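Here's the structure, in structure tokens; my notes come after.
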Amino acid sequence: MDSVIKVEGLYKAYGATIAVDDVTFEVHEGEIFGMVGPNGAGKTTTIECLEGLRKPDRGKVNVLGIDPQREYHFLHLHSGMQLQQSNLPDRMKVWESLDLYSSFYPNARSWEELLVQLGLAEKRNTPFSKLSGGQKQRLFIALALLPDPRLIFLDELTTGLDPQARHVIWDLVRDVRSQGKTILLTTHYMEEAERLCDRVAILDHGRIVALDTPLELIRSQGCGESLTFTVDKPLPVEFINTIDPIWRLDIQGERIVVYGDSNQSSMVSEVVLLLARLNIPFRNLRSEQPSLEEVFLKLTGHEMKD
């Protein structure tokens, strides 16, 4: 499989603060590759080194076959970039921004087609300041797509958006990848990485602590499924003694939680059948699958924070 990005031993510090510490990874053509972690983990510094916006202190960076520091103009023409902090003049209309930016590229895509593709046709005459957060992000994706790039960088694309707008952006990202594009995105939303990415690098304190597909990351860390339900009376001893010993039972008063291995898909049905066989009334049954959030907690020992 061809590599669009190759990074070896990337290191970047700001004075005594080490932002990126010996980071190595590859991004394959046609995939959505995610870098996840909390603010300050080194995601934005890494992506800015790949975009040629920052010079690494050490290490090798190859993007689309070139050194982004030495051949920034080539990278600019063949990649699309959505920066973490992006803005446009308040009075600039949607169509004006697309028309202006398209003039920067010799073989730009039709910005009128992008207006339709990204659902902005009705907002073509709307000033930037009057767009919603989700509409602004769609416009930034359109600007990133203007050079018809092989590679697209998306840095914290959905930060600050409401859940509905975030899901709209996710659909747009999937649609862009379906056009044969390679996408590298950074996010501190674990659900976003789990839903979108083919592979994920988890960063913490400037280092990659794990890298694999979301499913394999979850499996490798042994994060299990949980089943929660509520009972009106204490659980009988027979239930406690009969439940499969490979599962862990946590009794929190009326609230019962059963933890199992992520590969034990039969846990829910077996627990429910046991409750029915012993005539134990229950309510508020909820099953939760393991997630990247649990993987991050297990690897780093601390929670994700916005």
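The values are calculated or read from the model by the stated rules, or taken from the named source; none is laboratory data. This is a predicted model, so every value here is computed, not measured. A quick note on method: Cβ atoms are made from the backbone with ideal geometry, for glycine too, and the neighbour counts reach across all protein chains shown.
For region 153-161, does any single residue satisfy the condition of being surrounded by 20 or more Cβ atoms within 10 Å (Cβ to Cβ), at positive phi, in contact (Cβ under 8 Å) with a residue 60 or more places away in the chain and in the same structural domain as Glu31 (by TED's automatic domain parsing)?
Scanning region 153-161 turns up at least one residue that is surrounded by 20 or more Cβ atoms within 10 Å (Cβ to Cβ), at positive phi, in contact (Cβ under 8 Å) with a residue 60 or more places away in the chain and in the same structural domain as Glu31 (by TED's automatic domain parsing).
When only residues in region 207-246 that are in a loop (DSSP other than H, G, I, E, B) and hydrophobic (A, V, I, L, M, F, W, C) count, which is modelled with the lowest pLDDT?
Cys223
Take the residues in region 162-188 that are under 10 Å from the mean Cα position of the chain (by Cα) and surrounded by fewer than 22 Cβ atoms within 10 Å (Cβ to Cβ), then tell me which one is nearest to Asn39 (Cα to Cα).
His188
With respect to Gly80, determine if the residue is at pLDDT below 95 and assigned to a strand (DSSP E or B).
Yes, satisfied.
Taking region 250-300 on its own, how many of its residues are acidic (Asp, Glu) and farther than 30 Å from Leu211 by Cβ?
Number of matching residues: 3.
Write out, first by first residue and then by second, each pair whose Cβ atoms fall under 7 Å of each other, whose residues are 6+ apart or on separate chains, and whose first residue, in region 226-255, is closer than 18 Å to Ser269 by Cβ while the second is part of a strand (DSSP E or B) and among the acidic types (Asp, Glu).
Final answer for the pair search is Ser226/Glu288.
Checking the condition of a type in the set (A, V, I, L, M, F, W, C), in contact with a helix residue (DSSP H, G or I) (Cβ under 6 Å, 6 or more places away or on another chain) and either farther than 22 Å from Asp155 by Cα or without any contact (Cβ under 8 Å) to a residue 60 or more places away in the chain (or both), which residue from Leu100, Leu118 passes?
Answer to the selection: Leu118.
Given the structure, is Gly119 under 19 Å from Thr186 (Cβ atoms) and small (Gly, Ala, Ser)?
no
I'd like to check something: does region 143-151 contain any residue that is aliphatic (A, V, I, L, M), assigned by TED's automatic domain parsing to the domain that holds Ser103 and at pLDDT 95 or above?
yes
In region 146-163, what residues are closer than 12 Å to Thr182 by Cα and touching a helix residue (DSSP H, G or I) at 6+ places or on another chain (Cβ under 8 Å)?
Pro149, Arg150, Leu151, Ile152, Phe153, Leu154
Could you check, for region 226-235, whether at least one of its residues is under 12 Å from the mean Cα position of the chain (by Cα) and either buried (at least 21 other Cβ atoms within 10 Å of the Cβ) or farther than 20 Å from Tyr101 by Cβ (or both)?
No, every residue in region 226-235 fails to be under 12 Å from the mean Cα position of the chain (by Cα) and either buried (at least 21 other Cβ atoms within 10 Å of the Cβ) or farther than 20 Å from Tyr101 by Cβ (or both).
Check Ile152 against each of (1) touching a strand residue (DSSP E or B) at 6+ places or on another chain (Cβ under 9 Å); (2) part of a loop (DSSP other than H, G, I, E, B) and name the one condition it does not meet.
Among (1) touching a strand residue (DSSP E or B) at 6+ places or on another chain (Cβ under 9 Å); (2) part of a loop (DSSP other than H, G, I, E, B), the lone unmet condition for Ile152 is (2).
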